[in-house]
Amino acid sequence: PARQEASILLSAAGRLSEANFYAPTSTWADLDYLRFAHLVRHSQKLNEAVLILRPFVDKGAAYDVPYMSVAEMFLSYGDTSGAIENIQAGLERVRLSVGLKVLWARILTAQGKRDSARAMLDSVRAHLRTRQDSLVWWEGYLSFIEGTGLPSDKRAAAEKALLSFPTLARAQALLGQQELDAGQVEAAYQRISAALDIDPYAPVLWRVYERIALAMGLTEEAELARKKPDPCPSAL
């Protein structure tokens, strides 16, 4: 097991020759590929991700995580077409994937196709089967409404999300931003500080914290926030 884990970690870091020394990908099980797919999105090793995951998905693996990881990396390189191609390929295998459809809705929102994005999010909501599906959907919906909704709609959505997921970073960030916009700087500071105690690796929280720090005249705190979050140890 230790050799297998070393192979996964080294592969995610892009050190394929060393990884093969410990355990060639031909010996990997499905869970090994899925763990790699989760880790490689943090390291942004696109070539390695495609090289390792393509044979895995081409053999018909019915998992959406590999497609999502590669699609997100294409997006990080500004390649929207490549991301959509991976999403579409994934949906051919995992037709009801909430994660893939929410990711596509995110792309549509960025392209200004808000009606199409909203329609996709609404259609996905009817197929939420697990708590993880609901979490993914709320992340996507809050991201969508953050840029499109009225302040009252944003607050209502965030508060509803927190009923099911009390520590959801994006919901806390949305409420913190609302409080900051309303001049409730101290309330926003208390909310986001508490949320960061729970999830110190959430970029969305640090972005709001930076704005709060600037509003409070805490320039050093704002500068610190710009450099956050530090890499999560499990993602290295």
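The values are calculated or read from the model by the stated rules, or taken from the named source; none is laboratory data. Keep in mind it's a predicted model, so treat the numbers as computed, not measured. Note: ideal-geometry Cβ built from the backbone for every residue, glycine included; neighbour counts use all protein chains shown. Heavy atoms of the whole protein, side chains included, go into the accessibility calculation; ligands, DNA and RNA do not. Shrake-Rupley method; radii C 1.70, N 1.55, O 1.52, S 1.80 Å.
Residue by residue, here is whether (1) of a type in the set (A, V, I, L, M, F, W, C); (2) in contact (Cβ under 8 Å) with a residue 24 or more places away in the chain; (3) part of a helix (DSSP H, G or I); (4) open to solvent by less than 50 Å² (accessible area, probe 1.4 Å) holds:
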site: Gly60; (1), (2), (3), (4): no, yes, no, yes
site: Ala89; (1), (2), (3), (4): yes, yes, yes, yes
site: Arg95; (1), (2), (3), (4): no, no, no, no
site: Arg118; (1), (2), (3), (4): no, yes, yes, no
site: Val124; (1), (2), (3), (4): yes, yes, yes, yes
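Number of residues in segment 1-55 that are free of Cβ contacts under 8 Å to residues at least 40 places away in the same chain, in a loop (DSSP other than H, G, I, E, B) and surrounded by fewer than 19 Cβ atoms within 10 Å (Cβ to Cβ) equals 6. Screening Asp230 with (1) closer than 18 Å to Gly99 by Cα; (2) acidic (Asp, Glu); (3) out of contact with any helix residue (DSSP H, G or I) (no Cβ under 6 Å at 6 or more places or on another chain) gives one miss only, at (1).
Close Cβ contacts (under 6 Å, 6 or more residues apart or on different chains) running from residues in segment 197-219 that are small (Gly, Ala, Ser) to residues that are open to solvent by 60 Å² or more (accessible area, probe 1.4 Å) comprise Ala213/Glu221. Only residues that are open to solvent by 40 Å² or more (accessible area, probe 1.4 Å) and assigned to a helix (DSSP H, G or I) were counted across segment 62-73, and they come to 2. Please determine whether any residue of segment 201-210 is open to solvent by 80 Å² or more (accessible area, probe 1.4 Å), of a type outside the set (Lys, Arg) and within 30 Å of Leu9 (Cβ to Cβ). The answer is yes; a qualifying residue exists.
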